[in-house]
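Participant: Okay, here's the structure, questions in a sec.
A short reminder: the numbers here are calculations on the coordinates, not readings from a lab. Remember, it's a predicted structure, so these values are computed and weren't measured experimentally. Every residue, glycine among them, receives a Cβ derived from its backbone with ideal geometry; neighbour counts consider all protein chains shown.
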Amino acid sequence: MTFIYRTDSNKAHPLPLSPEYKSSIKRAPNKALIPMRHTLSELTGPVYGHETVREGDNDLTTQHAGEPIGERIIVHGHVRDEDGRGVPNSLVEIWQANSCGRYVHVRDQHPAPLDPNFTGAGRTVSDAAGYYRFVSIKPGAYPWGNHHNAWRPAHIHLSVFGHSFVTRLVTQMYFPNDPLFPFDPIFNSVPDEKARARMVSSFDLENTQPEWALCYRFDIVLRGKNATPMENH
Amino acid sequence: MQDSVKPSGITPSQTVGPFFKYGLTPNGEYAWNDAFTNSTLTPDVTGERIRIEGRVFDGDGAAVPDCMLEIWQADAQGRFADPQDKRALPNASFRGFARCGTDKDGNYAFDTIKPGAVPDPDGKPQAPHVLVAVFGRGMLRHLYTRIYFSDEAGNAADPVLALVPADRRATLIAARVAGQAVYRLDLRLQGGEETVFFDV
Ligand SMILES: [Fe+3]
C-alpha cells in the first residue's frame, strides 16, 4: 500500500481553536499536531455494511406509533472522494433536533416540546455508486449558551466512515439561505467561504415529491488518495 | 439520479456537539438501536483479551463528560479486518473497531485484544498500538492519537513514537495495571501533560 491521503485536503477543516466558539478554548490542543507518514493502520478502516442497519433506519418519520410533527423532508446525496469516485457501502449516521429545535438528549434544556413520535437518529449505507437517502423532518433552529442571543442554524449532524481511518468525517448539513449563518461561530469556524458552502445542502425540486415532501441534496466529499486533480464533469 | 456540479475540495468537519450520545454511542441510555459497542471481542477472536480504560480531561484539568472515542486496531497477528489489507485474515468476524462515550467523570473503557505488530511503510514492524479518534463538544474536528502498551519492548524502536519528543512519549503509552489484563491511559486535550495528537 503506497498511496497516501493528501494532508493539504485538511485545510478545509476548522482550526481546533476557534475562540468565538467558547467550548473550543479549553479543548483545543496548545501544541502542534505531529505529522507522520500513513501506515497500514491509518490506510485501513472499519467496514460496516448493510448488516449494521435495520430496515427503516433511514426513515426518521416511521420509528414510532405516529408521525412526527413538522415539515417532512427527503435528504439525499452522493458520498464520494475528492477525486470524484463514489464511496460505496459506507455507513452514514445522522442525528438531529425535532421540528421545534429540541433534541431527545437528557441534557437539552431548551424549553421547546419533545415529540413522542420523533427520536431524531438514523443510519443508512451508501449504495454501490455511493448514493444515500434519508426521510426526516426539517429540524428547528435552537438557542445555545455560547453568547447573548445565540441560535444554531437548522442542521443535521452526519457521521461518515469512508475508505480508511483518516477519511473519517463528522460534519453538519445546513439548509440553504439560513439567516443565522453570519452569526454562528460553528459554521464560521471553517475559514474558507467555498468550503463553508460545501456544508449547505441545495433545494432539489426534481426529487421533491408532490403532495408529500421537499427534497434537499447534500453531497459528502471525503479525502482522496492520489494526487490527480479533481475533474469537473 | 442527477449529479449536481461537483464542488472541489472536501466537506469540512464540524463538532459532534453536546447531543450526539443518543445517535452514536452505545449503552442503551436512549431508545435507539446501537450500531456499535465499546468491545471489539468476537467469539472467534484469538489473542490476549484486555481492557483499555482511562479518563479524558480538558485544559483546566476538568473531566470531559461529553466526549466520544473510537478505536481501530489490528488483530493479534497484526492484520486488519479490511479488504485493503491483502493478507489472510483468520479472525473472520473480528472487526477491530469500537466506540465509547465518556461518562460524567470523563471515564472511557474498551474491551479488546492486544493487537499484533503492523508493518510501517518500509516494512519494519511498528510496536503494537491502537488508533484513537477523539470527538467532543468544543472540538471542531476530531483528533487522532495512538495508544501503545507499557510492557512492549518494541516501543523503543517504534518509528512513530520516535517522531515524538522523548518527554511527551508517555502520553501515548498505557500502563499495565499490576496483576490484571487492564491498561490505563488518561487523555489530556490541552495543557502541560497534553496528549500527543497526530497530523494525519
Ligand atoms: Fe446540533
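Participant: Based on the Cβ-Cβ distance of A:A112 and A:K22, what FRET efficiency does E = 1/(1 + (r/R0)^6) give at R0 = 30 Å, to the nearest 0.05? Display every interim value, and only then the final one.
Facilitator: Values: r = 22 Å, r/R0 = 0.75.
So, using R0 = 30 Å, E works out to roughly 0.85.
Participant: If you don't mind, another one. According to the square roots a ≥ b ≥ c of the eigenvalues of the Cα gyration tensor, what is the shape class of chain B, taking rounded for a/c under 1.5, prolate for a/b larger than b/c otherwise, and oblate for the remainder?
Facilitator: Details: a/c = 1.28, a/b = 1.13, b/c = 1.13.
Cα axes put chain B in the rounded bin.
Participant: Add -39500 (n - 2.57) for each DSSP H run of 4 or more in chain B, then divide by its residues: what number comes out at 222 nm, to the nearest 500 deg cm²/dmol? Kindly include the intermediate steps, with their values, before the conclusion.
Facilitator: Working: 1 runs with 4 residues, N = 200.
The per-residue figure over chain B is -500 deg cm²/dmol.
Participant: Can you work out D for region A:105-159 in µm² s⁻¹ from Stokes-Einstein, where Rh is the Kirkwood radius over C-alpha pairs, the temperature is 25 °C and the viscosity is 0.890 mPa s? Mind showing how you got there, number by number?
Facilitator: Numbers: Rh = 13.9 Å.
Answer from the Stokes-Einstein relation: 176 µm²/s.
Participant: If you bin every alpha carbon distance in region B:151-200 into 10 Å steps from zero, what whole percent lands in each bin?
Facilitator: Once binned at 10 Å, the Cα pair distances of region B:151-200 give 22, 50, 26, 1.
Participant: Answer rounded, prolate or oblate for region B:71-175, using the Cα gyration tensor with square roots of eigenvalues a ≥ b ≥ c: rounded when a/c is under 1.5, else prolate when a/b is larger than b/c, else oblate. Present the calculation step by step, with values, prior to reporting the outcome.
Facilitator: Working: a/c = 1.76, a/b = 1.17, b/c = 1.51.
Cα axes put region B:71-175 in the oblate bin.
Participant: Past 32 Å, Cα to Cα, is the threshold; run A:K31/B:K124; B:K104/B:K124; A:K225/B:K114; A:K22/B:K21 against it and keep the listed order. The partial results should precede the final answer.
Facilitator: Working: A:K31/B:K124 28 Å; B:K104/B:K124 41 Å; A:K225/B:K114 29 Å; A:K22/B:K21 21 Å.
Those over the limit are B:K104/B:K124.
Participant: Determine the relative contact order of chain B: mean sequence separation of Cα pairs under 8 Å and six or more apart, normalised by residue count, in whole percent.
Facilitator: Details: 434 pairs, mean separation 48.6, N = 200.
RCO, chain B: 24 percent.
Participant: A further question follows. Considering only DSSP beta bridges where both residues belong to chain A, give the percentage that are antiparallel (nearest 5). Present the calculation step by step, with values, prior to reporting the outcome.
Facilitator: Values: 30 of 39 bridges.
Here the antiparallel bridges make up roughly 75 percent for chain A.
Participant: Here is a further query. In Å, what Rg and Dmax follow from the Cα atoms of region A:1-160?
Facilitator: So, for region A:1-160, Rg and Dmax equal 18.8, 53 Å respectively.
Participant: Give me the percent of DSSP beta bridges within region B:96-200 that run antiparallel, rounded to the nearest 5. List each step's numbers first, then the result.
Facilitator: Numbers: 10 of 12 bridges.
Just about 85 percent of them are antiparallel.
Participant: Once you charge only the Cβ atoms, +1 for Lys and Arg and -1 for Asp and Glu, what is the size of the charge dipole of region B:45-200 about its Cα centre, to the nearest 20 debye?
Facilitator: 360
Participant: Next up: Normalise the Cα radius of gyration of the protein assembly as shown by 2.2 N^0.38 Å (N = residues in it) and let me know the number.
Facilitator: Details: Rg = 21.0 Å, N = 433, 2.2 N^0.38 = 22.1 Å.
That ratio works out to 0.95.
Participant: Using amide H atoms built in the peptide plane, which far-off residues or other-chain residues are under 5 Å from A:C215 H to H?
Facilitator: Amide H to amide H, under 5 Å and 5 or more residues apart or across chains, A:C215 pairs with A:I74, A:D204, A:T208, A:Q209.
Participant: Helix-only mean residue ellipticity at 222 nm, chain A, DSSP H runs n ≥ 4 weighted -39,500 (n - 2.57), per residue, nearest 500. What is it?
Facilitator: On the way: 2 runs with 9 residues, N = 233.
Result for chain A, helices only: -500 deg cm²/dmol.
Participant: What are the ³J(HN,Hα) couplings of region B:121-137, residue after residue, when phi is run through the Karplus curve with 6.51, -1.76, 1.60 and θ = phi - 60°? Round to Hz, x for glycine and proline.
Facilitator: Karplus-based 3J(HN,Hα) across region B:121-137 equals x, 8, x, 7, x, 8, 5, x, 7, 10, 7, 10, 10, 10, 10, x, 4 Hz.
Participant: With the radius of gyration and the Kirkwood radius both derived from the Cα set of region A:130-189, what is their ratio Rg to Rh?
Facilitator: Working: Rg = 13.9 Å, Rh = 13.5 Å.
Across region A:130-189, the Cα-based Rg/Rh ratio is 1.03.
Participant: Let me ask something additional. Shielding by partners for A:17-30, please: the mean number of other protein chain Cβ atoms within 10 Å of each residue's Cβ.
Facilitator: The mean count of partner-chain Cβ atoms within 10 Å per residue comes to 6.
Participant: Would you look at the GNM of chain A, springs on alpha carbons closer than 10 Å, and say which of A:F118, A:F134, A:F183 moves the most?
Facilitator: Ranking A:F118, A:F134, A:F183 by mean-square fluctuation puts A:F183 first.
Participant: Count the net charge of all other residues whose Cβ sits under 13 Å from the Cβ of A:D192, scoring Lys and Arg as +1 and Asp and Glu as -1. Let's see the in-between values first.
Facilitator: Working: positive: A:K11, A:K194, A:R196, A:R198; negative: A:D8, A:E193.
Local net charge: +2.
Participant: I would also like to ask the following. State, as an integer percentage, the relative contact order of chain A based on alpha-carbon contacts under 8 Å between residues 6 or more apart. Present the calculation step by step, with values, prior to reporting the outcome.
Facilitator: On the way: 479 pairs, mean separation 61.9, N = 233.
It comes to 27 percent, rounded to a whole number.
Participant: Measure of size requested: the Rg and Dmax of region A:100-203, with Cα atoms as the atom set and Å as the unit; please supply both.
Facilitator: 15.2, 46
Participant: In Å, what Kirkwood hydrodynamic radius results for region A:143-233 from the alpha-carbon pair distances?
Facilitator: 15.5
Participant: How large is ³J(HN,Hα) for each residue in region B:112-120, as worked out from phi by the Karplus curve 6.51 cos²θ - 1.76 cosθ + 1.60 (θ = phi - 60°), to whole Hz, x for Gly and Pro?
Facilitator: Here the 3J(HN,Hα) series is 7, 10, 5, x, x, 6, 10, x, 8 Hz.
Participant: Given +1 on the Cβ of Lys and Arg, -1 on the Cβ of Asp and Glu, and no further charges, what dipole in debye does the protein assembly as shown carry about its Cα centre, rounded to the nearest 20? Walk me through the numbers on the way to the answer.
Facilitator: Values: 45 positive and 51 negative charges, 140 e Å.
Once rounded to the nearest 20, the dipole reads 680 debye.
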